[in-house]
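Working notes, beginning with the structure itself.
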Amino acid sequence: MADSPTPDRVLVAGASGATGEELLSVLRPTDLPVRATTRSYANVDTLERHGADEVAVADFFESADAVAAVEGCDIVYCAVGTPPGPRHVIGGKLVDRTGVINLVTAAIGADVSVFVLESAIGVGNSKGSLSLPTRLLIRGSLRAKRDAESALRRSGLTYTIVRPGKLTSEPPRGDVVVGAGGASVSGSIPRADVARVMAAAPFTPGARNRTVEIVSRDGMSNAPTDRVDIDWDDDRLTTGHEHRRA
């Protein structure tokens, strides 16, 4: 991280998605200036109401849009993803690959301090945590996310890759089980808990340059095989900081 006690600005890429909106809610009470991105001007007012200080309309298939989005940001939270549809099966040009790689490349040029990427259980060496039928159903997006993860690891950026299990819209549980990468945990987790883990990652030394898998304790589908304890430093997200808004 940079030496300054407070980052100049953080970017929430994919803020109009379900996890992105949860990230805005987590970051809202902090003193972290937040730039959010969306592909549609129709979402700008909504994102501002959710807590974004500024909103950029960007298409991350365009490298120039990625460069503009990360300019002046110290932290990038990347929650972009492909909406449900046939491209999850057939792959092709997916934002999960092309868009994320464009953001990673832009972050290198912008000297971003930390890049936090939302991936998924089932990607790469965690494929054993998904059944074969499920893997076949979303094989295109799993390959795209695998390529994006690899690009981030090779980038030289400080990073955390978060692979959540099946995402739900339930209230946050707060009891997150963390696997050390690989087919270590499986199950489900509320998006609100994923957002809190992602938001805390840049301030958590134990999460730097790591790939972790997360599920909620209530959502575990079997016993974890390689659990790791990470003391998520969420003080920056709650206590000790005045709210930016009344």
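Overview of values
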{"item": "Residue selected from the stretch 33-73 under the condition part of a helix (DSSP H, G or I) and touching a residue at least 40 places away in the same chain (Cβ under 8 Å), by the criterion nearest to residue 8 (Cα to Cα)", "result": "70"}
{"item": "Cross-chain or 6+ apart pairs with Cβ under 6 Å, the stretch 129-142 first and surrounded by 21 or more Cβ atoms within 10 Å (Cβ to Cβ), then at pLDDT 75 or above", "result": "129/121; 129/183; 129/186; 130/122; 141/82; 141/96; 142/122; 142/123"}
{"item": "Subset of the stretch 108-117 that is under 17 Å from the mean Cα position of the chain (by Cα) and part of a loop (DSSP other than H, G, I, E, B) - its residue that is surrounded by the most Cβ atoms within 10 Å (Cβ to Cβ)", "result": "112"}
{"item": "Residue within the stretch 140-162 that is over 26 Å from residue 67 (Cα atoms), of a type in the set (Gly, Ala, Ser), in a helix (DSSP H, G or I) and within 18 Å of the chain's Cα centre (by Cα) present", "result": "no"}
{"item": "Condition met for residue 156 (at pLDDT below 95 and either crowded, with 19+ Cβ neighbours inside 10 Å or out of contact with any Cys (no Cβ under 9 Å at 6 or more places or on another chain) (or both))", "result": "no"}
{"item": "The stretch 118-133, residues that are in a helix (DSSP H, G or I) and under 20 Å from the mean Cα position of the chain (by Cα)", "result": "124, 125, 126, 127, 129"}
{"item": "Selection count where residues are in contact with a Lys or Arg (Cβ under 7 Å, 6 or more places away or on another chain) and crowded, with 20+ Cβ neighbours inside 10 Å, scope the stretch 13-22", "result": "2"}
{"item": "Sole residue being surrounded by fewer than 18 Cβ atoms within 10 Å (Cβ to Cβ) and in contact (Cβ under 8 Å) with a residue 40 or more places away in the chain, chosen from 236, 210", "result": "210"}
{"item": "Residue among 123, 104, 100, 114 that alone is within 18 Å of residue 211 (Cα to Cα), of a type in the set (Val, Ile, Thr) and at pLDDT below 95", "result": "123"}
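The values are calculated or read from the model by the stated rules, or taken from the named source; none is laboratory data. The structure displayed is predicted, hence computed values, not measured ones. Here Cβ is always computed from backbone atoms with ideal geometry, including for glycine, and neighbour counts include all displayed protein chains.
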